[in-house]
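Report on the structure given below.
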Amino acid sequence: MGKAFVIAVDGPGGAGKGELTKRLAKEFGFDLLDSGAIYRVLAYAARKAGLAMFDEDSLVQEANVLNLSFNVEEDGVHVMLGQEDVTRAIRTEENGVNASKVAAHPLVRQALLARQRDFAQEPGLVADGRDMGTVVFPQAQVKIFLDASPEVRAKRRQLQLEAAGKEADFEQILKEITERDERDRNRPVAPLKPAEDALLLDSTDLSIEEVFNKACEYIRSKMK
Ligand code: DC
């Protein structure tokens, strides 16, 4: 980690981590690691290679050769698998479920660890995920656990999908979110849980502005 200042933001899907971490990276001039995208790209590549999501050995081999890069362009960050721009393709619900299955394998997580730690460069990094503060960056100077009720997270997801012109059934989304949470929280390795020294933020009744302001205040207090 060297002298990099690491802000680890963990929490379940739909709690608002993506928006918060994007804003924090901009505010502090730090790089951003979207660790979920790494699991999503692996799931996508595995699917393409015809692998089963329970085949841990093959998934590890795939993880070891995964040619993944994040390209910063004017319209945002593009996620690349080799020459293929997979930015949108990895965001489907189906691929999210597969990512969660892939991420439940301990050896797969191990294989992706060094790749994630390499992102911690000076001046600093904002890391978005499930185990940033507990496993990947246990020495992080700031740890935040962002949560929200499943209903609010499902509602936000529904609005996102509708804004993108896609069909979205609230009950179905709520069911998927709850199942994915269960798997992420109950896996034996690196389960989704707050680090002991994490600031707990519940965004259920807070706007993104309010969450951002609370996070900034906390981070500044840790920078002194
Ligand atoms: O944040 P996301 O929805 O893009 O993440 C997709 C899946 O990847 C999520 O269901 C669990 C897994 N994941 C993980 O296990 N550890 C991380 N640090 C980030 C994501």
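Here are the numbers:
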quantity	calculated
Max mean-square fluctuation residue, GNM over the chain, Cα-Cα springs under 10 Å, options F170, F137, F119	F170
Surface accessible to a 1.4 Å probe, M223 within the full protein complex, Å²	80 Å²
Spatial extent of the range 69-126: Rg and Dmax, with the Cα atoms as the point set, Å	13.6, 36
Peptides ranked, highest mean first, by Cβ atoms within 10 Å: ranges 148-159, 65-76, 193-204, 7-18	7-18, 148-159, 193-204, 65-76
Value at 222 nm in deg cm²/dmol, rounded to 500, when DSSP H runs of n ≥ 4 in the chain each add -39,500 (n - 2.57)	-14500 deg cm²/dmol
Calculated P(r) tail over 17 Å for the range 1-70, as whole % of Cα pairs	55 percent
Cβ charges +1 (Lys, Arg) and -1 (Asp, Glu), total dipole of the range 118-224, debye	260 debye
Most to least packed among 81-90, 24-33 [average Cβ atoms within 10 Å]	24-33, 81-90
Apportionment of accessible area to carbon and sulfur, the chain, percent (1.4 Å)	50 percent
Tensor-based shape of the range 172-224 (alpha-carbon gyration tensor, a/c under 1.5 rounded, otherwise prolate or oblate)	oblate
Relative contact order (%) - criterion: Cα under 8 Å, at least six apart; region: the range 1-153	49 percent
For A8, distant residues with modelled amide H under 5 Å away	A127, V142, K143, I144
Relative contact order (%) - criterion: Cα under 8 Å, at least six apart; region: the range 19-71	26 percent
Ratio Rg/Rh [Cα only; Rh per Kirkwood] for the chain	0.94
Accessible surface, per residue, of the range 110-195 when the full set of protein chains is kept, probe 1.4 Å, Å²	50 Å²
Nonlocal amide H pairs with D147, under 5 Å, H built at 1.01 Å	L201, D202, S203
Out-of-range pairs (alpha-carbon distance over 26 Å; input K22/K48; K22/K166; K22/K214)	K22/K48
Span per principal axis, largest first, for the Cα atoms of the range 106-215 (Å)	39, 35, 27
Computed over the range 3-120, the ratio Rg/Rh where both radii use C-alpha atoms and Rh is Kirkwood	0.95
Convex hull of the range 38-87 built on C-alpha atoms - directionally averaged projected area, nm²	3.3 nm²
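The values are calculated or read from the model by the stated rules, or taken from the named source; none is laboratory data. As the structure is a computational prediction, the values presented were derived from the model and not from experiment. A quick note on method: Cβ atoms are made from the backbone with ideal geometry, for glycine too, and the neighbour counts reach across all protein chains shown. Remember, those area values only see protein heavy atoms, side chains included, never the ligands or the DNA or RNA. Shrake-Rupley method; radii C 1.70, N 1.55, O 1.52, S 1.80 Å.
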